[in-house]
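Notes follow once the structure below has been shown.
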Amino acid sequence: MKSRSIVRYCAVLAVVASVMSSCGNGYQEIPFGGMKGRVQKVTVIHKEPEMWHGNRAYTDVMSMEASAYDINGNEICSAQMDSVGRVLGEAESLFDKGVCIRSTQKSGNRVIARLNLLSNNKRTLEYNKEVLGNTVRMVVKKSSFGRRHKTVVIEDGKTVTISIIKTDRKGYPIEVKETHPQTGFEAYQLNVYDKDYNLIEKHVTTSDDETEEIIYTRYTEFDEKGNWLKARTANRNHLPVENLERVIEYW
């Protein structure tokens, strides 16, 4: 996938991620689908693939991320860190009955975005959204038909994101389609799981790239609850992308 496709796709997912957090499923969703037990904190360490090191006996850390959850599985704070643990960006959220009522995002010590709930009317949430000093009224509309779930994000009367997620019978997302109507950009993701609902294949296609991106994940170590601790990812050509390690703390 071209780098511009990745950037645009991640931008769409960032909006949807903040919206989807209001449903209260927390660590039951991608990328931590299938986690067992009540998780309090997860730290993910991204390392370079071993083949890049030749005869070196260690693997370098590329970046780290940490997420903390409340007793109900809502992600209440998260942080992105560099290879030595310096915080590059962080977010904090407050939930009430599974709905995100307030959220703040920071870059370094600077607040770059705020989200405050104004109203909650069944499947329609209304927020005051402030990004870099610009304020908009954001409305999130949700609807479901069987295992098909739709989320529409509207800002100042204009639809900015449409997300359609198809789940299996246990609620795990198997197909995800994201559309950005104002630019025409679309992304489609197909997820494949193992018997324990760990993601083993992720297929991504975008409207501005003819090449399907495929990420394969192989898990090599699990804890006593059955949650994975070590994994390796590879691209569509089966070349290694990165090694992953997780440190999990439970309530």
Taking the criterion of being modelled with pLDDT of 95 or more, surrounded by 16 or more Cβ atoms within 10 Å (Cβ to Cβ) and β-branched (V, I, T), would at least one residue in region 207-214 satisfy it?
yes
Cβ-Cβ below 8 Å, separation at least six or inter-chain, first residue in region 151-174 and on the phi < 0 side of the Ramachandran plot and without any contact (Cβ under 8 Å) to a residue 60 or more places away in the chain, second part of a loop (DSSP other than H, G, I, E, B) and of a type outside the set (K, R): which pairs?
K158/Q182; T159/P181; T159/Q182; I162/P181; K170/Y197; I174/D168
Can you tell me how many residues within region 126-157 are in contact with a strand residue (DSSP E or B) (Cβ under 9 Å, 6 or more places away or on another chain), in a strand (DSSP E or B) and closer than 25 Å to Y188 by Cα?
15
Qualifying positions in region 218-235 - in contact with a Lys or Arg (Cβ under 7 Å, 6 or more places away or on another chain), surrounded by 16 or more Cβ atoms within 10 Å (Cβ to Cβ) and among the polar types (S, T, N, Q)
N227
From I174, I162, grab the single residue that is among the aliphatic types (A, V, I, L, M), modelled with pLDDT of 95 or more and either under 23 Å from K47 (Cβ atoms) or within 17 Å of the chain's Cα centre (by Cα) (or both).
I162
Among all residue pairs at least 6 apart or on different chains, which show Cβ distances below 8 Å where the first residue, located in region 52-79, is outside any strand (DSSP E or B) and the second is crowded, with 17+ Cβ neighbours inside 10 Å and aliphatic (A, V, I, L, M)?
D70/I76; G73/V39
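The values are calculated or read from the model by the stated rules, or taken from the named source; none is laboratory data. Every value quoted in this text rests on a predicted model; they were computed, and no experiment measured them. Cβ coordinates were reconstructed from backbone atoms using ideal geometry, including for glycine residues, and neighbour counts include every protein chain displayed.
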